[in-house]
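Trainee: To start, I am sharing the structure in question, which I have written as C-alpha cells.
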C-alpha cells in the first residue's frame with residue numbers, strides 16, 4: 001500500500017487507540033487519531049482521510065453519530081465500526097448508514113488489517129467516483145448505480161443510462177470509462193440534443209467532400225475519432241429513423257459509411273448511451289426502433305431524480321459547499337439547519353445540477369460563515385427566505401413603526417441594496433421607494 005494512504009482511528013480508550021495506531025503504522029499507512037467524535041470530525045474537515053476506524057460507544061457522539069456526520073463532511077471516506085457490544089441491530093444500522101465493516105472486540109490483528117485493506121481498495125476504486133465525479137449518496141438507488149458501474153466497467157458491454165436531466169448520467173459514463181480496459185483510449189462525448197438533426201448523422205459518421213452544401217472537405221465522424229475507445233451518446237432518444245438504422249448497424253458489426261461515401265469503414269468502439277426520454281413509450285408509438293433499443297439496453301443503469309432521495313441532499317450540499325468555496329475563493333463553512341430543511345423539501349426539477357447552482361449562488365451572496373435561507377434563490381426559499389434572521393421588534397410597537405424598522409434592518413442586511421431588500425421583503429422596488437418616502441416625511 002502507498003504511504004499516501006491515511007487512516008483515522010477514533011477510540012476513547014487509550015490502550016486500544018494506541019494498539020490500532022501501531023497496527024496501521026506497521027502496514028505502512030499514515031494515521032491520525034481522535035479520542036472523541038468532535039475531534040474526529042475536525043480531522044475529517046482538515047485532512048483527506050481514506051478510512052476511519054471508529055468505536056461504537058464513546059462519550060459524547062456515538063460511533064453511529066460520527067458515521068452519519070462523517071458521511072456529510074467527507075463522503076468518500078470509508079468507515080469501519082468496532083465495538084465490544086456487537087448486536088445484529090447495531091450492525092444493520094451501521095451498514096444502512098454506509099459503514100463498510102462492523103467488527104466485534106476482541107479481534108485479531110489480521111482482522112483489522114484485512115478490513116482496512118479492503119476499505120483502502122474500495123476507496124481507490126470509488127474515491128474517484130465519489131469525490132471527483134460527484135456521484136454522492138447513500139440511498140439504495142445510488143448504491144445500485146455504483147454497483148452496476150463497478151460490475152460493468154471492466155467489460156465491453158453497451159450501457160444505457162436512464163434518468164431526468166441533471167441527475168448525473170454523464171458522471172456515470174465518466175466513471176465507467178475511467179475504470180474500463182479502454183481508459184487510456186479516446187473518450188468521445190456527443191450531446192445529440194445540442195446538434196441539429198440534419199447534421200447529427202454527419203457528426204457521428206463523418207462525410208465526404210461535396211456530399212452536401214458546405215462539405216468542402218472530407219471529415220471524420222465521432223465514431224472514427226473514438227476508435228479503440230469509448231463513445232458517449234447523450235440524449236440518444238433524439239435520433240431520427242435514418243440515424244437509428246446506422247447506429248444499429250455499427251452496434252451489430254462496427255461498420256458504417258461516411259455521409260456521401262461508398263467505402264465501408266469499421267471501428268472498435270464501446271457505446272455508452274443516455275436518455276431522459278421514456279424509450280419504452282417511444283417503442284410503443286414507433287418513434288424508436290425496437291431492435292436498436294435492445295442493442296443499447298444490454299446493461300441499464302437508472303439514475304433517480306433528486307426529489308426521490310431527499311436524504312442525500314445534505315451530503316450533496318456539503319460537497320458542493322466545499323467545491324464552490326474553492327471556485328469562488330470564499331470560506332463559507334456550513335449550511336444552517338433550517339436551510340437544509342428547505343433544501344430537502346424542494347422538488348428540484350433541475351435535479352443535482354440545480355442543487356449545485358443553488359449552493360454556488362448562495363455562497364456568492366453569503367456574507368457570513370453559514371448559508372442562510374435568504375442566501376438561496378427566491379424560487380427555492382419562497383416566503384421562508386424573505387425575512388432575514390435578527391429582524392425583530394418589541395411587543396407593543398405599532399404596525400407602522402414595525403414596518404419602518406423592518407425596512408431599515410433589511411436595508412442594513414443588504415448593505416443598502418434596495419432591489420435586494422425589496423426581494424427579501426417580497427415587495428416591488430417601486431413599493432419600497434414609496435414606503436421610504438413616507439417614512440422620511442414623518
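Trainee: Among the residues of the stretch 313-331, write down those that are surrounded by 19 or more Cβ atoms within 10 Å (Cβ to Cβ) and farther than 15 Å from residue 74 by Cβ.
Mentor: 313, 324
Trainee: With the requirement that a residue be closer than 19 Å to residue 74 by Cβ and modelled with pLDDT of 95 or more, what does the stretch 1-19 give you?
Mentor: Passing the criteria: 7, 8, 9, 10, 11.
Trainee: Ok, one more. Would you be able to tell me the number of residues in the stretch 91-114 that are in a helix (DSSP H, G or I), without any contact (Cβ under 8 Å) to a residue 60 or more places away in the chain and either buried (at least 19 other Cβ atoms within 10 Å of the Cβ) or not assigned by TED's automatic domain parsing to the domain that holds residue 48 (or both)?
Mentor: Just the residues of the stretch 91-114 that are in a helix (DSSP H, G or I), to begin with: 91-96, 109-114.
If we keep only those that are without any contact (Cβ under 8 Å) to a residue 60 or more places away in the chain as well, we get 91-96, 110-111, 114.
Narrowing the set further to residues that are either buried (at least 19 other Cβ atoms within 10 Å of the Cβ) or not assigned by TED's automatic domain parsing to the domain that holds residue 48 (or both) leaves 94.
Matching residues across the stretch 91-114 total 1.
Trainee: Now, a different point. Scanning for something surrounded by 15 or more Cβ atoms within 10 Å (Cβ to Cβ) and either at positive phi or outside the structural domain of residue 160 (by TED's automatic domain parsing) (or both), does the stretch 209-231 turn up at least one residue?
Mentor: no
Trainee: Mind listing whichever residues of the stretch 254-269 are surrounded by fewer than 12 Cβ atoms within 10 Å (Cβ to Cβ) and touching a residue at least 40 places away in the same chain (Cβ under 8 Å)?
Mentor: Hits for the stretch 254-269: nothing passes.
Trainee: Tell me, which residue of the stretch 399-428 that is loosely packed, with under 12 Cβ neighbours inside 10 Å and at pLDDT below 75 is nearest to residue 340 (Cα to Cα)?
Mentor: My answer is 415.
Trainee: Could you run through the stretch 338-360 and say how many residues are buried (at least 16 other Cβ atoms within 10 Å of the Cβ) and modelled with pLDDT under 85?
Mentor: Number satisfying all stated conditions: 0.
Trainee: Would you tally the residues in the stretch 115-124 being more than 17 Å from residue 54 (Cβ to Cβ) and without any contact (Cβ under 8 Å) to a residue 60 or more places away in the chain?
Mentor: Applying the first criterion (more than 17 Å from residue 54 (Cβ to Cβ)) to the stretch 115-124 yields 117, 121, 124.
Then keep just the ones that are without any contact (Cβ under 8 Å) to a residue 60 or more places away in the chain; that gives 121, 124.
Residues flagged as more than 17 Å from residue 54 (Cβ to Cβ) and without any contact (Cβ under 8 Å) to a residue 60 or more places away in the chain within the stretch 115-124 amount to 2.
Trainee: For the subset of the stretch 366-379 comprising residues that are in a helix (DSSP H, G or I) and touching a helix residue (DSSP H, G or I) at 6+ places or on another chain (Cβ under 7 Å), which member is farthest from residue 321 (Cα to Cα)?
Mentor: Going residue by residue through the stretch 366-379, those that are in a helix (DSSP H, G or I) are 373-375, 378-379.
So of that shortlist, the ones also touching a helix residue (DSSP H, G or I) at 6+ places or on another chain (Cβ under 7 Å) come out as 373-375, 378.
Values: 373: 15, 374: 16, 375: 13, 378: 19 Å.
By that ranking, first place goes to 378.
Trainee: For the stretch 73-90, which residues satisfy the criterion of being more than 17 Å from residue 123 (Cβ to Cβ) and surrounded by 18 or more Cβ atoms within 10 Å (Cβ to Cβ)?
Mentor: The first filter runs over the stretch 73-90 and keeps only residues more than 17 Å from residue 123 (Cβ to Cβ), leaving 82-90.
Residues satisfying the conditions are 82, 83, 90.
Trainee: Right, here's the next one. Condition first: in the same structural domain as residue 145 (by TED's automatic domain parsing), over 17 Å from residue 162 (Cα atoms) and surrounded by fewer than 17 Cβ atoms within 10 Å (Cβ to Cβ). Can you find one or more residues in the stretch 270-277 that meet it?
Mentor: no
Trainee: Additional query: Scanning for something touching a strand residue (DSSP E or B) at 6+ places or on another chain (Cβ under 8 Å) and either crowded, with 17+ Cβ neighbours inside 10 Å or in a helix (DSSP H, G or I) (or both), does the stretch 124-140 turn up at least one residue? Please lay out each step first, then the result.
Mentor: If we filter the stretch 124-140 for residues that are touching a strand residue (DSSP E or B) at 6+ places or on another chain (Cβ under 8 Å), which is where we start, we get none.
No, the stretch 124-140 contains no residue that is touching a strand residue (DSSP E or B) at 6+ places or on another chain (Cβ under 8 Å) and either crowded, with 17+ Cβ neighbours inside 10 Å or in a helix (DSSP H, G or I) (or both).
Trainee: crowded, with 19+ Cβ neighbours inside 10 Å and either in contact with a helix residue (DSSP H, G or I) (Cβ under 8 Å, 6 or more places away or on another chain) or not in a helix (DSSP H, G or I) (or both), is that true of residue 363? Talk me through it step by step, then tell me what you get.
Mentor: Values: crowded, with 19+ Cβ neighbours inside 10 Å: yes; either in contact with a helix residue (DSSP H, G or I) (Cβ under 8 Å, 6 or more places away or on another chain) or not in a helix (DSSP H, G or I) (or both): yes.
Answer is yes for this residue.
Trainee: From the set of residues in the stretch 1-28 that are touching a residue at least 60 places away in the same chain (Cβ under 8 Å) and farther than 13 Å from residue 53 by Cα, which is farthest from the chain's Cα centre (by Cα)?
Mentor: 27
Trainee: Tell me which of these residue 283 doesn't satisfy, since it passes every other one: (1) within 30 Å of residue 185 (Cα to Cα); (2) without any contact (Cβ under 8 Å) to a residue 12 or more places away in the chain; (3) outside any loop (DSSP other than H, G, I, E, B).
Mentor: Every condition holds for residue 283 apart from (1).
Trainee: Right, here's the next one. How many residues does the stretch 324-337 contain that are at pLDDT 85 or above and not in a loop (DSSP other than H, G, I, E, B)?
Mentor: The number of residues fulfilling the criteria is 4.
The values are calculated or read from the model by the stated rules, or taken from the named source; none is laboratory data. Fair warning: this is a prediction, and the values are worked out from it, not measured in the lab. Every residue, glycine as well, gets a Cβ built from its backbone with ideal geometry; the counts of neighbours run over all protein chains shown.
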